[in-house]
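S.K.: I have a structure I would like to understand better, so I am pasting it below and will then ask my questions one at a time.
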Amino acid sequence: MEEPQAPPGNALRPRSLVYAALGLSALLVLLASDAHFFLSVPLGLLATLVSAFGLLDFAGCFDDATAPQSSLGMRALRPRLLEAAATALLWVLVLRLAVAGVLPHHARVAPLAVTVVSGALLFALGRLALAWQPQSRLRERAGFWLLLLGLLLYVPFAGSYSLLDPWETHYGEVAREMLARDDWLSFWWAQEGWFWSKPPLDFWLQGLSFALFGVGFGPDQMLASAALGRLPQPEWAARLPIALLSLVAVYLLYRFVAAASGKRAGFLAGLLLLCAPYWSLLAHQTMTDMPYVAPVTAALSCFGLALLAEPEERVVGVELTVFGRRLQLSAFHLLFGVVLLSALPQLAYLFTRHLTLQLAAPPYGFRWHWDEFFSGSGMGNCGLPGNDVCRRGSPNSPYFQPALGVGLFGAALGYLLWSNRGERRKKRLFYIAAWYFTALAALAKGAPGFVLPLVIAAAVLFVRGRWQELLRVELASLGLVVAAVCLPWYVQEYMRHGDGFTDRLLFHDMYKRAFVHVHDTNAGTDVSLRYYLWQLGYGLFPWSGVALGGLGIALSRGSSADEKQRVLGALVALWLTLSFGLFTLSLTKFHHYALPCAPPLAIAAALLLDQAWRSPRDASEGSSVAVLAWVAALATLLIARDLSTSWDGDVPASARLLHLVSYNYRRAWPSSLDFETTLGAFGVAFAAALAGFAMVRFRRYAVGLCAALAVSFCAFTLWVYLPALAPHYGQRELFLAYYRARSGPNEPVVAFQMNWKGENFYTGNRIPAFVTSGAKLEKWLKAQRKAGTKVLFFVLEHGRISTLKSELGADYRFTTLTDKQLNNKFCLVKAEVLPYGVVPPS
């Protein structure tokens, strides 16, 4: 019998549109307001949830006639629901205290407190999810332990060290300006004007987190409370959403591999990916790479799950009785609830580009208008040296107002929900989930996020000859999801800014990066095929060799008699081949571009470890594992040699891991830090554990030791390596010193011949910036002296202190407040105006 493309839905419930209208009205009021509210993010989330429930209920999505697997009343659910809500509130509160820097013994307590409440929230949410399965225990869920391990590794010190220049601080400053300018469509960067280099997902995640956790995003507010003896840590808010998104991808990868090859293989794949420096380091960077690779990984994992599902297999439903009404819940509601949560705020925000609720400034009340925006840094920074003056902007295409976008993209969202309102087939829902994550990836990185998962998915279908699957992959839903979730920002940004936007984002930062050298920092480096082979070796350490050995096993699964194994083998092979080939052919190369290769290699490595654990009775298969393990051990030792041995004319060995997330690979390494012995020791220990595979009776112990060493190395990189390096590659400590040393805002700090971005982020862009000095600096200094400014602070590179003294002349007394032990690249200098006739000390 032919499968129906669009299963019929249930009868409509027109009255539920009241809930949708109430939720959307509340959301519109919040988004239209020109004031910032303490509870704006949770209230906005609540309003969106109410409107999403109303739309789903209107479509009859809670009225399925099939018998549920289990039923539960609200009275039985209430304790776990309250537990989850209370834990979530506690999580937000603790993070707000961590960001504000007000906990007692803050430097030691904040990492512990945030980690504990994060684990408690995961536990509470897990208990809530299992409320319909009283016979099931959370401790029996491998996925729970994988996520808990991820939290324990990723959370503790995520906010305890500086954002790294230039990428983290660059993107963090764009997110901060988004809040300060109250414009979530058109992004701004201080010295460069409109910021069109990247799509919005990373900035939206950071902006929501800044607002939720109370970051001081106004000018001169980011670290200002340091003057009161506090230790503000906005880094918690900047990094945490990226880390959590990476854990979602790890979990979905576990689910896919577990469905294809068993829970142990799935758990090992997730664990190895968690612990790979490529993944763990980039999960702690507020760059756009993890916000696109994590959704790509999630998309391909869901695609794999769809291939494994039977065509007519339905998702499991449960029933919840609320006020006498029975609601049928399933994975459908989770999926479409997430889609609505992603799309509805965008539509509401577009609508409020015509409606402002003026509470902060007169005339008070609602004001209707055409789309309006301004250029310049927000909240009073316009006109500072290095900043343009503020100007009112006008749309490039005034006839396509945001309200038209609401109608167009709202129709796509409505038709997506309408056409799938009766869809409960697991295979179809997995495909739609894959396309949702593809839309997120495109919203994070543009073309790579959109093209990569689609090309890999198409290649798998072609190689496997699954032509019938083309009728099930929900291509119509792909277009509708992309239109509802991804396109609103792209289209409205083009309507506002025209060809300047597309020339920069699409042609300069996408097309030219692929076919021309753009921002290339690889001078003198071999960028041929070996370039990413070497980076993958460092980025997967210490289990790089296991991935090499596991590739043979993964490829052999492609010819297995088991269809699940064939799907797994094909997806791993094509995922790795197409990702590696795409970025190797691209002319612009950075070390982290090969990150999409890490998930398939983690799967390959997990298959080798899983096969070793099973200790097969077949002697030939057991001997093949031993041979692959010896190959892996040799590869591990070779990579460990690179990480533990510095050579004349090459970068320091200890820097190779940092360069996975760096921009300039020739920046000076701090002489006070040396990790070569530690890195070498991990390599030797892991190679020794692999040698244990040669003895069948010790093989399981060897697998366990490999996993423990991978976890230990991840803890080392995130708890020791990054925190020790951050003061030398960021500027947080410099500006903490500034705020503690100044008497008030009347003693400004100046960026002297700096363009490393941290100086903008940590001051809220309230910093006169002189990338080049000369007459402009001289004129500004005269104006400051005339205004009565007696003390100035300067942040600059150590090697430019003599130049600064020459620029300022003999009228100032200089005091260097920080040294190379704190930051080997930049320093903070205090310059005090001398009374007339006083000669400065030599």
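The values are calculated or read from the model by the stated rules, or taken from the named source; none is laboratory data. A quick note: this is a predicted structure, and the numbers were derived from the prediction, not measured. FYI the Cβ positions are ideal-geometry reconstructions off the backbone, even for glycines, and counts take in every protein chain you see. Just so you know, the surface numbers come from the protein's heavy atoms only, side chains and all, with ligands and any DNA or RNA stripped out. Shrake-Rupley method; radii C 1.70, N 1.55, O 1.52, S 1.80 Å.
S.K.: Could you tally the net charge around A573, taking each other residue with its Cβ under 14 Å from the Cβ of A573, Lys/Arg +1 and Asp/Glu -1?
M.R.: Its environment carries a net charge of +3.
S.K.: Could you work out the helix-only [θ] at 222 nm for the chain, with each DSSP H run of four or more residues adding -39,500 (n - 2.57) and the total divided by the number of residues, to the nearest 500 deg cm²/dmol?
M.R.: Calculated at 222 nm, the ellipticity per residue is -18000 deg cm²/dmol.
S.K.: Enumerate the lysines that K263 could reach by cross-link, defined here as Cα to Cα under 25 Å, with residues fewer than 8 away along the same chain left out.
M.R.: The qualifying lysines are K426, K427, K564.
S.K.: Then there is this: Of all the accessible heavy-atom surface of the chain, with the other protein chains kept in place and a 1.4 Å probe, what percent is carbon and sulfur?
M.R.: Whole-percent figure for carbon plus sulfur exposure: 64.
S.K.: Separate question: If you average the alpha carbon positions of the range 676-702 and of the range 304-352, how far apart do those two centres end up, in angstrom?
M.R.: Answer, in whole Å: 45.
S.K.: Could I ask something else about it? Excluding P68 itself, what net charge comes from residues whose Cβ is under 10 Å from its Cβ, given Lys and Arg +1 and Asp and Glu -1?
M.R.: -1
S.K.: Further, regarding this structure: Of the listed peptides 133-146, 201-214, 350-363, 526-539, what is their order by residue-averaged count of other C-beta atoms within 10 Å, with the highest listed first?
M.R.: With the highest mean Cβ count within 10 Å placed first, the list reads 201-214, 526-539, 350-363, 133-146.
S.K.: Each residue of the range 580-592 in turn: what ³J(HN,Hα) in whole Hz from Karplus with 6.51, -1.76, 1.60 and θ = phi - 60°, glycine and Pro shown as x?
M.R.: Using θ = phi - 60°, the values come out as 5, x, 4, 7, 6, 6, 4, 6, 7, 10, 10, 4, 7 Hz.
S.K.: Next question. To the nearest 20 debye, what charge dipole does the range 732-842 have about its Cα centre, counting +1 at the Cβ of each Lys and Arg and -1 at the Cβ of each Asp and Glu?
M.R.: 180
S.K.: Now for a different question. Using a 1.4 angstrom probe, figure out how much accessible area the chain has per residue, in square angstrom, rounded to the nearest whole.
M.R.: 40
S.K.: Further, regarding this structure: Lys/Arg Cβ at +1, Asp/Glu Cβ at -1, dipole of the chain taken about the Cα centre: which of P291, T525, F716 is farthest positive-ward?
M.R.: Of the candidates, F716 comes out farthest on the positive side.
S.K.: For L327, which sequence-distant residues (separation of 5 or more, or a different chain) have an amide H within less than 5 Å of its own amide H, given hydrogens modelled in the peptide plane?
M.R.: Here the answer is L320, T321, V322, since their amide H atoms fall under 5 Å of that of L327.
S.K.: Right, another one. With Rg and Dmax of the Cα atoms in Å in mind, check [x] 27.8, 99; [y] 31.1, 108; [z] 31.9, 114 and report the label derived from this structure.
M.R.: The calculated read-out lines up with [x].
S.K.: If the chain between I801 and V29 were fully stretched, how many nm would it gain, using 0.36 nm times the residue separation less the Cα-Cα distance?
M.R.: Extra length available between I801 and V29 comes to 272.8 nm.
S.K.: Work out how much length T645 to L475 would gain on full extension: take 0.36 nm times their residue separation and subtract the Cα-Cα distance, in nm to one decimal.
M.R.: Difference between extended and current length: 56.1 nm.
S.K.: Once amide H atoms are placed 1.01 Å from N in the peptide plane, what residues at a sequence separation of 5 or more from S33, or on another chain, have their amide H within under 5 Å of its amide H?
M.R.: Result for S33 returns L357.
S.K.: Taking amide H atoms as placed 1.01 Å from N in the peptide plane, list the residues 5 or more away in sequence, or in a different chain, whose amide H sits under 5 Å from that of V155.
M.R.: The list, which skips near neighbours in sequence, is empty: none.
S.K.: Pairing rule first: another cysteine's C-beta must sit under 4.7 Å. Under that rule, which cysteines of the chain stay single?
M.R.: C61, C302, C486, C597, C706, C827
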